[in-house]
Amino acid sequence: MTAPPECDAPLNPAEELEPERGPLRRCLVTRASLPREQMLRFVLGPERQLIADLAAKLPGRGMWLSAEADVLERALKRGAFAKAARGPVYPPPDLRVRIEDGLRARIRDLIGFARRGGQAVAGRDAVLLWLRQGRAGLLVEAADGSLPERARLLGGREMPMVAPLPAAILGGIFARDHAVHVAVAPGRLAEAILAEAGRLAGLVGTAAGDSA
């Protein structure tokens, strides 16, 4: 993800809320145009409360930020949402926590869809078999798993890897106590998991979504 500039660009009233067309969105804080998959969309509720629209489907004109913790902090501290909306905006005090929890829930659901569709397996032996057969497009590792064990599992292979959820949550998706290793088949679900883990990593740190 492109790093934001050191200084925020001034808001241009004509550009504050641009039409939501095309694959790119402009960040309210940095003014950088990025793929929407790397950004967070916000809308105003009926009482002008700020709502994080993680699925980017809620009605209303969206306000977009790069999915990075410092960008969100600067937007809240400097009143970027109020300037863009041209009026008072009321963010919840736990906005960042809500976003992080929401992204984790989206990742959990996507992995669940992959499991039910036969596009994901859990457990070292099953994952290693998929790696050897070339059936894995993404590895999802437990956030509290062993880094050396991840390296041994890969065995030098080039493979995207993310670690957004703890072993207990991953295990629950597969009806077991815990799961440290999960492989997801190539395709749209793997791409969606990778994108959501990237957004989460921007908010909580690279441990949530490193690629190997």
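The values are calculated or read from the model by the stated rules, or taken from the named source; none is laboratory data. Given the structure is predicted, the values throughout are model-derived calculations rather than measurements. Quick reminder, even Gly has a Cβ in these numbers, built from the backbone with ideal geometry, and neighbours come from all protein chains shown.
Among (1) surrounded by fewer than 18 Cβ atoms within 10 Å (Cβ to Cβ); (2) touching a strand residue (DSSP E or B) at 6+ places or on another chain (Cβ under 7 Å), which single condition is residue 184 missing?
(1)
For the structure I just gave you, tell me whether residue 81 is at pLDDT 95 or above, on the phi < 0 side of the Ramachandran plot, more than 17 Å from the chain's Cα centre (by Cα) and not assigned by TED's automatic domain parsing to the domain that holds residue 200.
Yes; evaluated as a whole, the condition is true for this residue.
Of all the helices (runs of 4 or more DSSP H) wholly in region 94-212, which have at least 2 residues that are of a type in the set (Gly, Ala, Ser) and not assigned by TED's automatic domain parsing to the domain that holds residue 66?
95-116, 167-173, 188-204
Report the residue count in region 59-98 for those that are aliphatic (A, V, I, L, M) and out of contact with any Lys or Arg (no Cβ under 8 Å at 6 or more places or on another chain).
8
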